[in-house]
Structure formats: C-alpha cells, structure tokens
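*Asks:* One structure coming up, written as structure tokens, with questions to follow.
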Ligand SMILES: Nc1ncnc2c1ncn2[C@@H]1O[C@H](COP(=O)(O)OP(=O)(O)O)[C@@H](O)[C@H]1O
Ligand SMILES: [Mg+2]
C-alpha cells in the first residue's frame, strides 16, 4: 500500500502542470460546494432570524372555554347574545407546578410567562389601540430580543413603566419619561411612564404593541394569579415539533410548535435547501467526471509503464491501488485547497451578526460552509471516479501494453 | 545440470477465422540451469511470442509449460504474477524503465512491489547491482536522463534484483550502438558465469548470438536449430 502510494505520488508530481490544473479544477468544485452551503445556510438563517427568530418556538396558550349553553339542543338555530364579563381571559393556573418540568427538558433554553390582552394607549386627546404584553421583569428578552431593539431608554420593565415601539412613539409624539394612560379591555387603566422605545423593524410590533411588567398586566387585566400564555424558546428551533408533543404529554396543556403557524415558511426554506442540494450535487458530479476523465487519460498514456510493472511482478490489485491513490490524493488536495479558498473568500463577507434587523449585506454564513463534508465528499467522489480507470488499467494485457 | 524449463507442443495462434495467424506450431524447447542462450530467427518468426509465453505474460493456445517443476500452463494470473516476480527477470527492447523514477528506484521495483515498500536491504542490493553494471555515478539519476546503453544496464540490474533463475531479454541490444551493446553483453556474460543465472536472449545479430554458448533458431513456428 505504502509503495503504491509512493508511485501514485510520483506520478502526480511528475506531471506537475497537469496535476495542478486538475487539483485546481477540483478545488473550484469544492469552492462552489462550500459557497453554496454557506449561502443557502446563511439565507435560511437570515430568513429564520428575520421571521422566526423572534418568535416563540413553542407556545402554550390558555384555552378560552365557551360557557356551556343552557338551552337544550333542539336542532334549531339559537341566537346567542353574550354579555361581556370582567373575567374575559382564560388563564393558565399553577404555572409553578409545571414550569420547572418544561425548563428541565433538554433543548429548552428559556421560557416567558405572559399576560396578553388588548387595550388603549392614551396621551392627551390621542388614543391608540394596542396589544398589551405583560412580561416578567428580567425575562424581557427571552423570546424576542427586546434589549437589542431598544433605541432609547431600557428594555427592563419596572412596575409603572411601559415600552412602546418607535412607530407608535412617533405617531403619538411620545418620548422617554412621559406619562401615558393604558386602559385594558377589562376596563382597568393605569398611568405609566415610558421607560423605553424599541425598533424591531417590522410594522406590527413597532406600531401596535406595548410591553409592561407582569405585575402591571395583572392589575390591568385583574388577574391576581395565573398567566394567559407561556412562550418557550429552544436551542434548536427545528426540535419544536418533537418537543411540543412531549410538553403536551408532560403538562396536559395545549403546547403548539411554531411550525404549525409557519408551514409556508418551512416549505420555502426546504425548497431552497433542495435547490442547494442539487447545485452541490452538480458540483460533485463535475468533480467526479473531471477526475475520472483525467485519470483515464493519464492511465492511457502510461499503459506501457503499467505493462512493465505487471511484468516485474506487480499484481492487478497493486495497479488499481496506484490509480485509486492518485484519485484520492487529487480529491484530498483539491478538497483542502477548495475549502481553504472557500473559507478565505467567505471571511470577506459580513459576519452572521449582521443578519440582524436593520443590517444589510449578503446573508452568507461562514460557519455553514460544510468544509469537512466538502473535503470528505470530494475525496470519496475522486476515489469513486478513479475506480473505472483503475479497473481498466488492472485489466490491461501486459504484452500489448508494453508493445505500444 | 538440471532442467530449468520445458515447453512441449507449444501452439500460439492470434485472431480467429480468416484472420487467424499461427505463430507457434507445436514448438518444443528445454533449457538447463545456467545456460546462456541466444534466440535467433527472422523478424516475425515468433521470438517475442515465445519469450512472453516463457515469461508467463501470455498463455499458449495449447501445449505445456513447466519451470522449476511448476506447471504454469493453466496457473491463474495471481499465481503467475508471483512466480514471475520471484523467478523471472525481463529486459525489453523499448519502454523498459519507469521514466519518472531514478535508476535505483527502478532497480528496487521488483522487491519493493513484493514487500510493499522500499526497504534498506533492497536499496543496498539495488545499489550494489548498479555499481556492478558500472553505474555507480548514476544511482540517483532520473532514468529519463540516461543514455540508451545506461538504460539497458539499469534494466539488466532490475531483472537481476530478485535473484531470478531465468532472465528473458527481447532484443536488449537492438537499440544500442556497438560499444554499448558489447558492454551490456559482457555484463550478462559475467553474471551468467558468476551466479549461474540462465539467460535467453533474442536477437537478429549474429555477433551477439556468437557471444552465447547456445543458439536456438526458430522458424516457421518451430525450433529449427
Ligand atoms: N497480439 C498479436 N496479435 C496478432 N498477431 C500477433 C500478435 N503478436 C504477434 N503477432 C504476430 O505473430 C508473429 C510473430 O511475432 P513476434 O513474436 O513478435 O515475432 P519476432 O519477435 O520474432 O519478430 C508476427 O507475424 C506478428 O504479426
Ligand atoms: Mg520481437
């Protein structure tokens, strides 16, 4: 084996220009492979970060239970008029009992207990409908990274403070430190100070949202205990589909994976990944065809030498190993050079941190270059590519080969 | 003297039907250990064909072939490869050496290919053989830079590397000038004399043939003299 490798290496170094060209060609294929991996991966990451990054991966929403109908079912249409009640919202009780169980699940990185509802923000004569999010102080950035979006003030929610979006602030001419009134759909209102203004970059949250502390939300919605929603963040957002049923089984609560709402997004990402696979497969195929034809040619050129080796007592197996080793070396070198070049070029692109809102640039993720895979697949492909030339060389009749 | 090899009723045909050429037509030949023999005959008489069969590089169409008591007629490729490596050395007229390797690497090939690597022992033997062939200064030369005569002497050294019983040389001097040819033949004579290696050398050259103790003439696919 070692000796076959020596001969293979010598053959490659003997025709340096040809080998260099071949390795260069393979490296280009590898480069494309890596670039595609980083681009498709980065693009997916980018889209996920922009759309799904700030959402909860698993949500447990209190189920609103309709009051039972007291009229007997007669098969006729019943016209129902329901009176608004103060206890408008369904709640999740005894969260202390199951939250530790959820937090202990592998892959769960954080959770946020919330009281959500709707209400009106009033300043002077201006009134704006908003959705109210009551968050636990200290947990403001568990789901959406509020802290990173705050442009003025702070993300920390203190009692008596409210966080509003930039658009809302502009529309209502609000500024830090001002006092506003927030009235909930339950009819309760509170005077709150603007402690922070954020800009998420998307319309809804910037225009129609107000964040308050959980304690404030309890007052606003008259909920002395319980919460209306628990949002859970995972290390791997694709684990949501397997974890949601586990949480359902563990707690008996209706835990929903984000994918239930985002099927279209996932389909689009999958289609994109598949396009990436096809392009990468073509890059590999080009490498295989290139290596196979180059080795067929060089083997053809070296037929007399192969005949001489056979006459000197080299077996068919030895001849095969010599040629397959050449393929493997070309694949490995091309893989290494291509990966190094790929890494070098990707370094020039903006880092992953710039995928965040408000940033621009090609979303290429250098960490998703799949370098090891590229080198490994290329070497494997080059070995496969060398099998055909190796077989034909091994089958050569030494007499006709020498006679050429 | 003992019998080294024997072929009986050796027939070799190429092609089939209309295009069939019968090159060997029931040829018989035996050689003793230690012989230095010339194989003579006009071009196309089947000298190379006979040498390739004796060298186990080709199966005869029919007939038997034994060497060192081993029946090689029907042996498989693997067995023949090993037999060839251990017992037979070759010197060809053209395309003799591996051009991308040094003289020493070429000489060591038959041992290295068997042992899986170039051992120090093999290198020492290779070097000794090259010195013996008067190539002490050319040991690490790329063979592409050697003259024709030097190349053939490297080839002789390589043929002797595994101490084979038989060396087959197909017109080894056909491409050389007089002086180089004489030098190669002198070395072959010396090895034959000192080590008892059997040589069978095909040639059209009567002067070369005269240097050998036995002359085997082929014609019409048979040994005629
Ligand atoms: N592979 C082959 N296919 C067909 N004919 C062949 C082949 N090898 C040799 N011959 C024919 O066999 C005859 C003998 O060839 P060869 O043994 O090379 O003779 P020599 O070496 O004495 O010149 C020639 O007529 C040649 O054309
Ligand atoms: Mg001939």
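Laboratory data are not the source of any read-out in this text; all were calculated from the coordinates shown. Owing to the predicted nature of the structure, the values given are computational and were not obtained by experimental measurement. Positions of Cβ are backbone-derived with ideal geometry, glycine not excepted, and every protein chain shown enters the neighbour counts.
*Asks:* Count, for each residue of A:301-312, the Cβ atoms from other chains sitting within 10 Å of its Cβ, then give me the mean as a whole number.
*Replies:* Mean partner-chain Cβ count within 10 Å for A:301-312: 6.
*Asks:* Tell me, Kirkwood radius of the stretch A:246-404 from alpha-carbon pair distances, in Å?
*Replies:* 19.7 Å
*Asks:* Cα extents of the stretch A:159-229 along the three principal axes, largest first, in whole Å?
*Replies:* 33, 24, 18
*Asks:* Relative contact order for chain A using alpha-carbon pairs under 8 Å, separation at least 6, rounded to a whole percent?
*Replies:* Reported as a whole number, the value is 27 percent.
*Asks:* Could you give the radius of gyration (one decimal) and Dmax (whole number) of the Cα atoms in the stretch A:105-162, in Å?
*Replies:* So, for the stretch A:105-162, Rg and Dmax equal 13.9, 50 Å respectively.
*Asks:* Related question: Quick check: the angle from helix A:2-14's long axis to the longest principal axis of chain A, C-alpha only, nearest 10 degrees?
*Replies:* 90 degrees
*Asks:* Let me ask something else. Please give the Cα centre distance for the stretch A:278-319 versus the stretch B:14-53, rounded to the nearest Å.
*Replies:* 34 Å
*Asks:* Still on this structure: What whole-number distance in Å separates the alpha-carbon centres of the stretch A:119-144 and the stretch B:63-122?
*Replies:* Between the Cα centre of the stretch A:119-144 and that of the stretch B:63-122, the gap is 88 Å.
*Asks:* Quick one: divide the alpha-carbon radius of gyration of the stretch B:97-161 by 2.2 N^0.38 Å and tell me what you get.
*Replies:* The stretch B:97-161 yields a ratio of 0.96.
*Asks:* Next up: Using alpha carbon centroids, what distance separates the stretch A:153-207 and the stretch A:359-401, in Å?
*Replies:* Cα centres, the stretch A:153-207 to the stretch A:359-401: 58 Å.
*Asks:* Something else about it: Give me the three principal axis extents of the stretch B:1-128 from the C-alpha atoms, as integers in angstrom, largest value leading.
*Replies:* Projected onto its principal axes, the Cα set of the stretch B:1-128 covers 51, 35, 29 Å.
*Asks:* Okay, next question. Before anything else, pin down the relative contact order of chain B: Cα pairs under 8 Å, at least 6 apart, normalised by residue count, whole percent.
*Replies:* Normalised by residue count, the contact order of chain B is 30 percent.
*Asks:* Ok, one more. At 222 nm, what value in deg cm²/dmol follows for chain B if DSSP H runs of at least 4 each add -39500 (n - 2.57) and the sum is divided by all its residues, to the nearest 500?
*Replies:* -11000 deg cm²/dmol
*Asks:* How large are Rg and Dmax for chain B when calculated on the C-alpha trace, in angstrom?
*Replies:* Reported Rg and Dmax, both Å: 17.3, 55.
*Asks:* Based on the mean of other beta carbon atoms within 10 Å per residue, what is the order of A:10-19, A:204-213, most packed first?
*Replies:* Result, highest mean Cβ count within 10 Å first: A:204-213, A:10-19.
*Asks:* In addition: On the first, second and third principal axes, largest extent first, how far apart are the outermost C-alpha atoms of the stretch A:240-290 in Å?
*Replies:* 58, 20, 6
*Asks:* For q values of 0.10, 0.19, 0.21, 0.22 Å⁻¹, compute log₁₀ I(q)/I(0) with the Debye formula on a Cα-only model of the stretch B:77-187, without solvent.
*Replies:* Calculated log10 I(q)/I(0) at the listed q: -0.26, -0.94, -1.14, -1.25.
*Asks:* So what are the radius of gyration and Dmax for the Cα set of the protein assembly as shown, in Å?
*Replies:* Rg and Dmax of the protein assembly as shown, Cα atoms, are 43.1, 130 Å.
*Asks:* Can I ask one more? Rounded to the nearest 5, what % of the DSSP beta bridges within the protein assembly as shown are antiparallel ones?
*Replies:* If we restrict to bridges inside the protein assembly as shown, about 70 percent are antiparallel.
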